[in-house]
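Bear in mind these aren't lab numbers, they're just calculated from the coordinates by the rules spelled out. Small disclaimer: the values here were computed from a predicted structure and weren't measured. When we count neighbours, we look across all protein chains shown, and the Cβ atoms used for this are built from the backbone with ideal geometry, even at glycine.
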Amino acid sequence: MDSKTMKLGNSTVTVYSNLVNMSPEERKEWFDREWANGNSVLKDMAGVISEIATTTETDP
């Protein structure tokens, strides 16, 4: 599995995924295919992101 380490503010984040070295087109194809196949982890992540976005929009 591939990994990519990034510095975000004071945090260092390492992502372990084969997606990190894919082109944007390859990532889109992967997400579209996995979404169509009902990838439950991907759908759970989308739900969490949506929840965070909704919470962020409504917080003062």
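Kindly indicate whether any position in the stretch 36-43 is surrounded by 11 or more Cβ atoms within 10 Å (Cβ to Cβ) and within 12 Å of the chain's Cα centre (by Cα). Yes, there is a match, as at least one residue in the stretch 36-43 is surrounded by 11 or more Cβ atoms within 10 Å (Cβ to Cβ) and within 12 Å of the chain's Cα centre (by Cα).
Per the listing Met22, Met1, the residue uniquely in contact (Cβ under 8 Å) with a residue 12 or more places away in the chain and not β-branched (Val, Ile, Thr) is Met1. Each residue in the stretch 1-12 was checked for being touching a helix residue (DSSP H, G or I) at 6+ places or on another chain (Cβ under 7 Å) and not in a strand (DSSP E or B), and 2 pass. Thr56 meets the conditions (1) among the hydroxyl-bearing types (Ser, Thr, Tyr); (2) part of a strand (DSSP E or B); (3) out of contact with any strand residue (DSSP E or B) (no Cβ under 8 Å at 6 or more places or on another chain) in every case but one. The failed one is (2). Looking at Val20, Val15, just one residue is of a type in the set (A, V, I, L, M) and in a helix (DSSP H, G or I), and that residue is Val20.
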